[in-house]
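The values are calculated or read from the model by the stated rules, or taken from the named source; none is laboratory data. The structure displayed is predicted, hence computed values, not measured ones. As a convention, Cβ positions derive from the backbone with ideal geometry for all residues, glycine included, and neighbour counts pool all protein chains shown. All accessible areas refer to the heavy atoms of the entire protein, side chains included, with ligands and DNA or RNA removed. Shrake-Rupley method; radii C 1.70, N 1.55, O 1.52, S 1.80 Å.
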Amino acid sequence: MTFTTATYRSTLTLSRRVNKSTIKQLGASRQLSSGNENKHATPTSFATKCASLYHPSPKANRGLAPPIYFGSTYLLDDADHGARLHDKKEAAFTDDDGFVYSRWGSPTNEACAKQIAALEGVEEKGGTMLFGSGMSGITSALMSVLKAGDHAVFPYTVYGGTHEFLKEFAVHWGVEIDFIDGAGKNGPEAYKSAFRENTKVVYCETPANPTCRITDLAGVGKVVDEYYGTREANPNRPWVMVDGTFATPYHSRSLDFAGIDVGIQSCTKYLGGHSDILAGSVSSNSPEFLHGLAKVQKLITAPLNPMDSYLLMRGIRTLDVRMQRHGENALQVAKMLEDHPLVESTFYPGLESHPDNTGGDDCLVVQAFRSGRDSPADAAIMPQTYGGMIAFIVKGEGNVALERAKKVCEGLRVVNLAVSLGSVESLVEHPASMTHAMIPREDRIAGGLDDGLIRISVGIERASDLVEDLKSSLDRVMESESEERVA
């Protein structure tokens, strides 16, 4: 048969007639729920039509981007289905029975959690849970394993919010806390010196916020295994937790190191990447830990909401390329800072002057920054980068350094004076007067947080713009002080 234009038009007309007839017939029996065809009758009254839930066709879920499920509750097949869901043991992910209530998890949240689980390397044996902020994830992880009479070890340079939680809540609940200098090659022994029989958490943060010092995760895992035994041999040994927000899984997968139990990310930062959400993730290969974590999330904290779960998924899709640009820009900025006369010292893992960049196979910087590489062979085609976080200390002592640092931050015109980090735009902050102001000066100094220390989160702007902005602000502070001395 020759398919002419006339034939095509005739066929199209017949197709439209058939489709209209079919649609008319289907419309009479169209159900509100796409799951159970006999569940609900089509409403006839105006009020019931307003209050009813209309679902799209079964194939509407074939959009390339995952849908956003805003529902707080979910349809059940029958009463037994509801009973099964309520009887299940809390876990990171649901099973084929689906969801029951969004305080216990939702499809959009779980889709994002599974993506992060894949990045963290726990998609096969473990899982990831998402929270409404990084702090919510941290406190949930700690509350799931600590009780009165327990002991925990933290580094001096732990994030200010974590420190505040420990001092304002944990100690009043009867939890004993020790702080140590956990950075560098001596870090594992410093942790070991604080171990007790009642130690239940060994907490690391690497690279440290804001000093960018590196924790020897392999060493920490090893001393915990040697002192308490492995998790398999001693289920009651301490939980080793790592806040890897500065590195992200692009550079360091904490759970790849033997002896590490829990990986934490403030997804507000690099994983989200656009300063428009609050989110946190907690990952583990331990079903026991994830059950306790899920219990805390269900009863005390809350899962990340569907809209932010979707935005987080969208941010993660560009994480690989963003992290490369962050690192390339940061190295140029760090080199300028290291040479500036007003700067006492610069902490950036990519500089040879960094205390943990010792060279050789056991170099902590090499271990901590894999730069998105899946195998050593990728080094030939994927450049080595060292993240987007820089800390530097302006010259001076005490209040002189503090005031200089504040002026440098306030004099920037491209870099934004704001807390947080990891976004596409560059951010600067002064820890002594901002994020770590709640930490006593004695403890802050002991952890390497000098009065004149400034932290920069280098964005993906043009590198030369950032270099010029920082250099100009430093120069202006020097010129102003020179003029004041002359006057």
remark   = By residue number, the members of the range 185-207 that are in contact with a strand residue (DSSP E or B) (Cβ under 8 Å, 6 or more places away or on another chain), touching a residue at least 24 places away in the same chain (Cβ under 8 Å) and outside any loop (DSSP other than H, G, I, E, B) are 187, 191, 199, 200, 201, 202, 203, 204, 205
key: Single match in 456, 439 (criterion: on the phi < 0 side of the Ramachandran plot, touching a strand residue (DSSP E or B) at 6+ places or on another chain (Cβ under 7 Å) and not in a helix (DSSP H, G or I))   = 456
note = Going through the range 70-90 in order, the residues found to be without any contact (Cβ under 8 Å) to a residue 60 or more places away in the chain, open to solvent by less than 70 Å² (accessible area, probe 1.4 Å) and over 22 Å from residue 55 (Cβ atoms) are 83
message = Within the range 29-57, take every residue that is within 21 Å of residue 67 (Cβ to Cβ) and among the polar types (S, T, N, Q) and give me the one that is modelled with the highest pLDDT.
response = 52
ask   = Residues 257, 246: which one is open to solvent by 10 Å² or more (accessible area, probe 1.4 Å) and in contact with a Leu (Cβ under 7 Å, 6 or more places away or on another chain)?
value = 257
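Could you grab me the full set of residues in the range 356-382 that are assigned to a loop (DSSP other than H, G, I, E, B) and open to solvent by less than 60 Å² (accessible area, probe 1.4 Å)?
Initially, the range 356-382 is screened for residues assigned to a loop (DSSP other than H, G, I, E, B), giving 356-363, 369-375, 381-382.
Listed by number, the residues that qualify are 356, 357, 359, 360, 363, 369, 371, 372, 373, 375, 382.
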request  = Scan the range 71-126 for residues that are modelled with pLDDT of 95 or more, in a loop (DSSP other than H, G, I, E, B) and in contact with an Asp or Glu (Cβ under 8 Å, 6 or more places away or on another chain) and jot them down.
outcome  = 121
key: Top-ranked residue of the range 208-222 - restricted to ones that are open to solvent by 10 Å² or more (accessible area, probe 1.4 Å) and part of a helix (DSSP H, G or I), ranked as farthest from residue 269 (Cα to Cα)   = 222
inquiry  = Restricting to the range 127-149, count the residues that are assigned to a strand (DSSP E or B) and of a type in the set (A, V, I, L, M).
reply    = 2
request  = Please enumerate the residues belonging to the range 293-306 that are of a type in the set (Gly, Ala, Ser) and open to solvent by 20 Å² or more (accessible area, probe 1.4 Å).
outcome  = 302
From 275, 309, residue being open to solvent by 60 Å² or more (accessible area, probe 1.4 Å), in contact (Cβ under 8 Å) with a residue 12 or more places away in the chain, over 22 Å from residue 154 (Cα atoms) and small (Gly, Ala, Ser) = 275
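Could you say whether any residue in the range 150-160 is part of a strand (DSSP E or B) and surrounded by fewer than 21 Cβ atoms within 10 Å (Cβ to Cβ)? Steps first, please.
Applying the first criterion (part of a strand (DSSP E or B)) to the range 150-160 yields 151-155.
Add one more test, that the residue is surrounded by fewer than 21 Cβ atoms within 10 Å (Cβ to Cβ), and what stays is 151.
Among the residues of the range 150-160, at least one is part of a strand (DSSP E or B) and surrounded by fewer than 21 Cβ atoms within 10 Å (Cβ to Cβ), which makes the answer yes.
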